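The values are calculated or read from the model by the stated rules, or taken from the named source; none is laboratory data. Note that this is a predicted model, so its numbers are computed, not measured. Cβ atoms come from the backbone with ideal geometry, glycine included; neighbour counts cover every protein chain shown.
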Amino acid sequence: MNWKSITYLLIATILSTLIVIKGQKQAEKDQPEVSRFPTIEYQNRKPANLSAKQQKRRKKHNSRSPAINENTDQILMTSNWELGLPALPIAKSVAVVIGEVTNAQAYFSEDESRIYSEFNFRVDEVLKNHDKPFGDSILVERLGGRVKFPSGKVAVSSVAHQDLPQVGKRYILFLIHEYSGDGDYTILTGYELRNGLVFPLDKPGSGHPILAYKGVAETSFRNDLISALTNVSQ
């Protein structure tokens, strides 16, 4: 093999390596930001003085999985939540609201097998609501969160391809009652509103309908949403 052939081979190898690295970085970028998930201290996993509704909420998240402990690294729950989900899941939602997350808190399920998070959401605008009227804020929840052990180790609990909203950021949220009859609002999906643009809260696989709105102007997104809401109500 002459020097010219060796040079071409080296260039091809370097380029292919760069493509792989770029692909890995893009894949990492499209993953949920678990480092920003609400975190609960392990020693606080059994809060005292809970209301009856809070106790019921903890219990409904029980599962048949082993209890989370110091040996736990990650709890990744899988489901088909994104299959068939349109970009604007109005028909599936009991409410569609615009506002800001003002507080977030992670909790253990009663059997300590799962972590879920609750978010105080300041309601600035209600686009759809089939339930009782909202006040200035509502409580919404979603599976997922982090637990910090006394050793300093942190374990993450999450649902595949789902992210959690962050305090201080504005969102359009599509809400459902995941558990029949409980009246609690669960986030089906949502979009972050940032600097006049829209970004999907969740990170489904490439080609999913909700990704079509990534980086789209908020005004354009709202026009599509209002139009879709009108069509559904007719």
Hey, can you tell me all the residues within region 82-107 that are without any contact (Cβ under 8 Å) to a residue 60 or more places away in the chain and basic (Lys, Arg)?
none
Are any residues in region 34-43 surrounded by 13 or more Cβ atoms within 10 Å (Cβ to Cβ) and modelled with pLDDT of 95 or more, and if so, which ones?
PHE37, PRO38, THR39, ILE40, TYR42
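Residue by residue, here is whether (1) small (Gly, Ala, Ser); (2) crowded, with 17+ Cβ neighbours inside 10 Å holds:
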residue	(1), (2)
ILE68	no, yes
GLY84	yes, no
VAL94	no, no
ASN120	no, no
Considering every residue within region 112-119, establish whether at least one is basic (Lys, Arg), in contact (Cβ under 8 Å) with a residue 12 or more places away in the chain and over 24 Å from PRO209 (Cα atoms).
yes
Kindly evaluate SER79 against the criterion of being in contact (Cβ under 8 Å) with a residue 60 or more places away in the chain and of a type in the set (Ser, Thr, Tyr).
yes
So which of ASP163, ASP202, ASP136 is at pLDDT below 95 and among the charged types (D, E, K, R)?
ASP136
Taking the criterion of being within 19 Å of PRO66 (Cα to Cα) and touching a residue at least 24 places away in the same chain (Cβ under 8 Å), would at least one residue in region 122-138 satisfy it?
no
